[in-house]
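Below is one structure, written out as structure tokens, with a few remarks after it.
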2 protein chains.
Amino acid sequence: MADWQVVTGGITAPKGFKAAGIAAGLKPSGVKDLTLIISETEAIAAGVFTTSQVRAACVDYCRQRLQEKASAKAIMCNAGQANAATGEQGWQDAILSAELLAQELNISPNAILLASTGVIGQRIKMDALQAAIPQLVASASVEGGKDAAKSIMTTDLVPKEIALETTIEDRPVRIGGIAKGSGMIHPNMATMLSFITCDAAVATHLWQDMLKRAVDKSFNQITVDGDTSTNDTVIALANGESRTTAITEMNKNAQKLEAMLTEVCQYLAKAIARDGEGATCLIEVQVTGASDRKAASVVAKTIAGSSLVKSAVFGRDPNWGRIAAAAGRAGVNFHQDELQIKLGDLVLMENGQPLEFDRQVASNYLKQAAAGAYLKDDTVLISVCIGNGSGTSTAWGCDLTYKYVEINAEYTT
Amino acid sequence: MADWQVVTGGITAPKGFKAAGIAAGLKPSGVKDLTLIISETEAIAAGVFTTSQVRAACVDYCRQRLQEKASAKAIMCNAGQANAATGEQGWQDAILSAELLAQELNISPNAILLASTGVIGQRIKMDALQAAIPQLVASASVEGGKDAAKSIMTTDLVPKEIALETTIEDRPVRIGGIAKGSGMIHPNMATMLSFITCDAAVATHLWQDMLKRAVDKSFNQITVDGDTSTNDTVIALANGESRTTAITEMNKNAQKLEAMLTEVCQYLAKAIARDGEGATCLIEVQVTGASDRKAASVVAKTIAGSSLVKSAVFGRDPNWGRIAAAAGRAGVNFHQDELQIKLGDLVLMENGQPLEFDRQVASNYLKQAAAGAYLKDDTVLISVCIGNGSGTSTAWGCDLTYKYVEINAEYTT
């Protein structure tokens, strides 16, 4: 059983964090587009970033900052301009952004981390940013979590936030998180972003390792369209304000904290997949029986990312052949006569051969699962067993719809 | 300059080959669904097959046959049932199919190769097949190339065939080819198939090596939806009927033959991509400057397979940011400040930074290229240079349209 409960407040639920989201005029539409997250005290900071060879200036900036010093007091994120493929000038803009915020907060620029999301090739509107920073800092509050969740959005349909609470040494410890992303949206509204706050006291190297593992089981397991962005960023701050004893080794408390961190990441990752461009439902693919977790993960992501599987789910078509074919081409060795495929609880294929099943019943499962009848959310569950190994992994995706093509084929000048 | 000319006749253009395509009642629609290609004399046979872990019985059958003996007299291909995921019974059906045809042709079953395309999980309708074999054999003729090209089709919109002729020792030498494929089509009309005939005299090991290299530069460089099928097969026969001296080493004549074989494969591969489900145009991605061909190939295929790039081309949107992002996530190392991106002759990005360009002019290029104004066929050319290396590669794909989703989300009972 889960050792935590959901609490309100999102990113500002953990002690000692404030946030703000304001309209700074970076986006032409005039919506909220500038976000700030502040920790009252310097927090341990961990980050996981895009592996793309084409990276935004803020990604290189954060990687460098965190290498020098794995702590931070504030994260600022602008929407509207990705500041990717902007060369030396983009790099100077990133440095200046941090300096301007540092000045206003009266702290060192080294304590600031940055993120951007928006159009690739466009620099941040520095004049608008500079003018907005005083108001941004002034409006930061412990009630600001919701504003922060909104102001990082681009074409997301819904804000994505969560906060969980557990108990360590009889004291409440919380993790809050926000995220954005629903594809790499036209015109290049790049990016999956997530910011996580925590008031536990934890050693730097443990926190970075925990984040890496949690991201591997969550954000790295979602696929909307297979396109990794130039700006993908997950930053997690832990400021110790819960006043629990510092966790310095992988003991029971550490495991508890990591489990809760993983849950926060998975909740946000699933929220991103569900909000995938044009999607009508979330697809969860559970793979078991692989030689190891890595092999299971590759198969799960290949199935979740298959255009044919995604189209079939949109058509509410129990097309197990496409699932088998996607598993087969994933690049992972298995014996096809050991393959089992299930849709919800319905076994469609066993020992590599199709079973007699009622297509109407299976299609009804898809219709009802997509409508949220079974799991109380709109999740279609595909389970695939590829052998006797102990490797398991879960991946998440969404169906492929006319709307996806419409969103991404739209030509805007 | 190309050292060959196009001739008519397709798969039966080379000397000593006959073909047939008849309606055997395997498909409910009553269209042509059974194909035969015969060489008068035993031909050298080379094959390249799907690398999927889930494979059709015919694929395992051909691999085994070719390992025993790299020659054949006939290829039979059924459409309608893929005979994949059909277990031991499917294997027995494949063996029986070869025996029935061998009996009718009065040759050894070991001289027969098989292919299937159709619904995964369905066995071949053996009664219909058996009843049709006499008519199939009787109707084989040197004029049968066109029928063969038609009878291997599933949801392909157009038949795909070509024949080229060159001169070796002052004698005409020909290669003919047919292919099918336009995605893995609902309900699992699996497969890319290609059959190639040649009347050159060539040593077995050279022919297999030539085919492997030609496939790597053609069929392995196309992507419609990223879904590899359970039945993918390329078989090439060479029967020596041109009566030229046998090619036994990689001399000038061998190079000439391989260049022509590669051209046949590339023509058919491009025809498949252009006929991609729902596609309105062919996308050609040329990558240069990579460390080696393999690295260039990965980048080219990643760009050609990106849903976002494909959607942008459908929208006639010169969205270079998506091309840069796809290149960046391909898993190949390069310096982003060396990236150059061109659409046709228009340079959109240089030294990793966007250039000022007229979006309307670039969009017009896409519109006109897709309509066939530049290259006399409907090809959109994307050129990407990622550095100073000598590695180059070309990949082909097609745009992503509403129609693709419609075709693949269609629910048929």
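Numerical summary
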item: Against the rule of thumb 2.2 N^0.38 Å, how large the Cα Rg of segment B:19-81 comes out; result: 1.28
item: Sulfur and carbon atoms: percent of accessible area, segment A:282-409 [1.4 Å]; result: 46 percent
item: B:ILE44, B:ILE124, reordered so the largest accessible area comes first (probe 1.4 Å); result: B:ILE44, B:ILE124
item: Estimated vicinal HN-Hα couplings, Hz - segment B:129-141 in sequence order (Karplus 6.51, -1.76, 1.60; Gly, Pro = x); result: 4, 4, 5, 8, 4, x, 5, 4, 5, 5, 8, 5, 8
item: Label geometry 7 Å along the beta-carbon vector: B:GLU88 inter-copy distances in nm; result: 7.3
item: Distances in nm from B:GLY372 to the matching label points in the other copies, shortest first (labels 7 Å along Cα to Cβ); result: 5.0
item: Sum of side-chain charges, B:GLY90 neighbourhood, beta-carbon under 10 Å (Lys, Arg +1; Asp, Glu -1); result: -2
item: Rounded tilt (10° steps) of A:204-216 against the dominant C-alpha axis of chain A; result: 40 degrees
item: Farthest positive-ward along segment A:1-123 dipole, Cα basis, beta-carbon charges - from A:ALA57, A:GLN89, A:PRO28; result: A:PRO28
item: Ratio Rg/Rh, restricted to segment A:311-413 and using Cα atoms, in which Rh is the Kirkwood radius; result: 1.03
item: Entries of B:LYS342/B:LYS367; A:LYS212/A:LYS310; B:LYS15/B:LYS252 with Cα pairs more than 18 Å apart; result: A:LYS212/A:LYS310; B:LYS15/B:LYS252
item: Computed E for B:GLN5/A:LEU157 - FRET, C-beta separation, R0 60 angstrom, nearest 0.05; result: 0.60
item: Low-density loop positions, GluC sites (Glu not before Pro), segment B:192-293 - DSSP coil, at most 14 other Cβ in 10 Å; result: B:GLU249
item: Mean accessible surface per residue for segment A:1-118, computed with a 1.4 Å probe while every protein chain stays in place, in Å²; result: 36 Å²
item: Rounded accessible area of B:LYS69 (nearest 10 Å², 1.4 Å probe); result: 80 Å²
item: Probe 1.4 Å, all protein chains present, accessible-area order of B:ASP156, B:ASP337, A:ASP209, largest first; result: B:ASP337, A:ASP209, B:ASP156
item: Neighbourhood charge, 13 Å Cβ-Cβ cut-off, centred on A:THR233 and excluding it, Lys, Arg +1 and Asp, Glu -1; result: +2
item: R0 of 45 Å, Cβ-Cβ distance A:ASP127-A:LEU355: FRET efficiency to nearest 0.05; result: 0.10
item: At least 30 Å² of accessible area lost relative to the chain alone, listed for segment B:73-113 with a 1.4 Å probe; result: B:ALA85
item: For B:ALA70, label point 7 Å along C-beta direction: distances to other copies, nm; result: 5.5
item: Contact order normalised by residue count of segment A:282-409, Cα under 8 Å, 6+ apart, percent; result: 45 percent
item: Estimated translational D of chain A in µm²/s (Stokes, Kirkwood radius over Cα pairs; 10 °C; 1.306 mPa s); result: 73 µm²/s
item: Extension gain, B:ASP292 back to B:GLU68 (0.36 nm per residue minus Cα-Cα distance, nm); result: 77.2 nm
item: GluC sites (Glu not before Pro) lying in DSSP loop within segment B:329-413, provided at most 16 other Cβ fall within 10 Å; result: B:GLU356, B:GLU410
item: Buried accessible area, chains B and A (both chains, 1.4 Å probe, Å² to nearest 100); result: 4700 Å²
item: Residue-level accessible surface for B:ILE175, protein heavy atoms, 1.4 Å, Å²; result: 0 Å²
item: Radius 10 Å from Cβ of B:THR262, net charge of other residues (Lys, Arg +1; Asp, Glu -1); result: -1
item: Average Cα contact separation per residue, chain A, under 8 Å, 6 or more apart, as relative contact order %; result: 18 percent
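The values are calculated or read from the model by the stated rules, or taken from the named source; none is laboratory data. Note that the coordinates shown come from a computational prediction; the quantities given were computed from them, not determined experimentally. Reconstructed Cβ throughout: ideal geometry from the backbone, glycine too, with neighbour counts over all protein chains shown. SASA here: full protein model, heavy atoms, side chains in, ligands and nucleic acids out. Shrake-Rupley method; radii C 1.70, N 1.55, O 1.52, S 1.80 Å.
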